[in-house]
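A quick write-up on the structure given underneath.
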Amino acid sequence: MGVFASTEDPDSTGHEQVVFCQDKQSGLKAIIGIYSTALGPALGGTRFYPYASEADALHDVLDLSRGMAYKNALAGLDLGGGKAVIWGDPEKDKSESLLRAYGRFVQSLGGRYYTACDVGTYVADMDVVARETRFVTGRSVEHGGAGDSSVLTAWGVFQGMRAAAEHVWGSPTLAGRRVGVSGLGKVGKHLTAHLIEDGASVVATDVDQRAIDWVREAYPQVDLVDDAAAMVAADIDVYAPCALGGALADDTVSVLRAKVVAGAANNQLAHPGIEKQLADRGVLYAPDYVVNAGGVIQVADEIEGFNFERAKLRATRIYDTTREILRLADAEGVPPAVAADRLAERRMAEIGRLRTIHLG
Ligand code: NAI
């Protein structure tokens, strides 16, 4: 699989730059994918994962970096889209020298790419990477960072859900609605709190007993169901996938009773075409990368020197963006996921074009 050949894949066309990084001594094997810098330096996290093959790692970084360009564009950030993968087992292969070697490669790109956390990397790892590069965000609070990004991710999901509720039921509130939260992790917990405060009744599920114990203690009024399958079949108005990707597959969509889907999980659609199946069944799907952008808004703010209130204000605008996407979807007769892509592409083209104005 060649880089140029794979960039011709319809799912991942048009990457600006793909960088392979190797440091034999520390065992670092990383690929940095920069999809677009039309809006500014590319921002996206580093995934540390034991891919089955180099081709799988490449495929993932191309997909993820493209997704970040769209997410950052719709989040209203002056940042392009990129992502990196480190090929290895984070439990066994992560070391100070590996992370610092990686940081030096990020630095060598001169600010074309900013890294952050993703699956398999944590704020403490970014603190280590930051010893070699200034182009890193999502560091710990002690190191001037924004800390746990799930706070504003949950806030943004809640805003997107309010916009979806307004579109379907006429009022931007979840009061009186039954919302199913699948996954009571970092985001799911904060989201549950916002929903209860807004007057929704919450149904929840998680595979981890500690999460179940937490919700029983914190919110005894929350109803529990056994698993995600029971959740989709339950009598809920809104489904909020907040665990892993692929929550919306053919078998899920056919039994789903909710009228709205809005949740934090990345890549909720198991395959292309699910967005149309949802639309055909009258289910409003608020695209995952639109409503879960609060996290990237939080870490992006750190680049300017983190200010929680400013970042929260930006994440609150996810309500307006979701509204605009739903309006556009209706006007153009397309599913919201397609309308969101069009809006992102429009912003990348319109704002990216301004750089052709010579500044003297
Ligand atoms: P987390 O790892 O803290 O929580 C995930 C929760 O889902 C855990 O409690 C886990 O036990 C549960 N879970 C796993 N499999 C499950 C299943 N089959 N059924 C029910 N529950 C299950 O992760 P976090 O940070 O809360 O993220 C949740 C999702 O949101 C992930 O898909 C993540 O990629 C996405 N996301 C998170 C952001 C953030 O800032 N934390 C930003 C954007 C997206």
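Among residues of the stretch 135-165 being among the charged types (D, E, K, R) and in contact with a helix residue (DSSP H, G or I) (Cβ under 7 Å, 6 or more places away or on another chain), the one that is nearest to V283 (Cα to Cα) is R162. Answer with yes or no whether A265 is away from the ligand (no atom under 12 Å from the Cβ), under 22 Å from the mean Cα position of the chain (by Cα) and not hydroxyl-bearing (S, T, Y). No; evaluated as a whole, the condition is false for this residue. Just one residue in the set V260, V283 is more than 10 Å from the ligand (Cβ to nearest atom), under 30 Å from E345 (Cα atoms), in contact with a Lys or Arg (Cβ under 7 Å, 6 or more places away or on another chain) and of a type outside the set (K, R); that residue is V283. Of all the residues in the stretch 286-305, those that are charged (D, E, K, R) and within 12 Å of the ligand (Cβ to nearest atom) number 1. Working only within the stretch 244-255, note down all residues that are within 15 Å of the ligand (Cβ to nearest atom) and at pLDDT 90 or above. Passing the criteria: A247, L248, A249, D251, T252.
Note on the stretch 228-238: residues that are closer than 23 Å to T153 by Cα and within 12 Å of the ligand (Cβ to nearest atom) total 3.
Only one of the numbered conditions (1) buried (at least 17 other Cβ atoms within 10 Å of the Cβ); (2) more than 16 Å from the ligand (Cβ to nearest atom) is violated by G176, and that is (1). One residue stands out in the stretch 68-83 among those that are small (G, A, S) and either touching a Pro at 6+ places or on another chain (Cβ under 6 Å) or within 14 Å of E16 (Cα to Cα) (or both): the one that is surrounded by the fewest Cβ atoms within 10 Å (Cβ to Cβ), namely G80. Of the helices (runs of 4 or more DSSP H) that lie entirely inside the stretch 84-131, those containing 2 or more residues that are in contact with a helix residue (DSSP H, G or I) (Cβ under 8 Å, 6 or more places away or on another chain) span 96-108, 123-129.
If you go through the stretch 116-135 and keep only what is open to solvent by 10 Å² or more (accessible area, probe 1.4 Å) and either charged (D, E, K, R) or without any contact (Cβ under 8 Å) to a residue 60 or more places away in the chain (or both), you end up with D118, Y122, V123, A124, D125, D127, V128, A130, R131, E132, R134.
For residues that are of a type in the set (G, A, S) and in contact with a Lys or Arg (Cβ under 9 Å, 6 or more places away or on another chain), scanning just the stretch 186-209, find the one that is nearest to M231 (Cα to Cα). Looking at the filtered set, the residue picked out is S201. All of A218, A200 fail the test of being more than 20 Å from the chain's Cα centre (by Cα) and surrounded by 18 or more Cβ atoms within 10 Å (Cβ to Cβ), apart from A200.
One residue stands out among those in the stretch 139-173 that are charged (D, E, K, R) and under 15 Å from Y122 (Cα atoms): the one that is most open to solvent (accessible area, probe 1.4 Å), which is E142. One residue stands out among those in the stretch 270-298 that are within 16 Å of the chain's Cα centre (by Cα) and open to solvent by 20 Å² or more (accessible area, probe 1.4 Å): the one that is modelled with the highest pLDDT, which is Y289. Scan the stretch 181-207 residue by residue and report those that are under 18 Å from S150 (Cα atoms), of a type outside the set (A, V, I, L, M) and within 13 Å of the ligand (Cβ to nearest atom). Listed by number, the residues that qualify are S182, G183, G185, K186, G188, K189, H190, T192, D206.
With respect to being more than 17 Å from A262 (Cβ to Cβ), away from the ligand (no atom under 12 Å from the Cβ), touching a strand residue (DSSP E or B) at 6+ places or on another chain (Cβ under 9 Å) and modelled with pLDDT of 95 or more, R216 fits the description.
The values are calculated or read from the model by the stated rules, or taken from the named source; none is laboratory data. In this text the structure is predicted, and so the values were computed from the model without any measurement. Counting neighbours? That spans all protein chains shown, and the Cβs are built from the backbone with ideal geometry, glycine included. Ligands, DNA and RNA are excluded from the accessible area calculation, which covers all protein heavy atoms including side chains. Shrake-Rupley method; radii C 1.70, N 1.55, O 1.52, S 1.80 Å.
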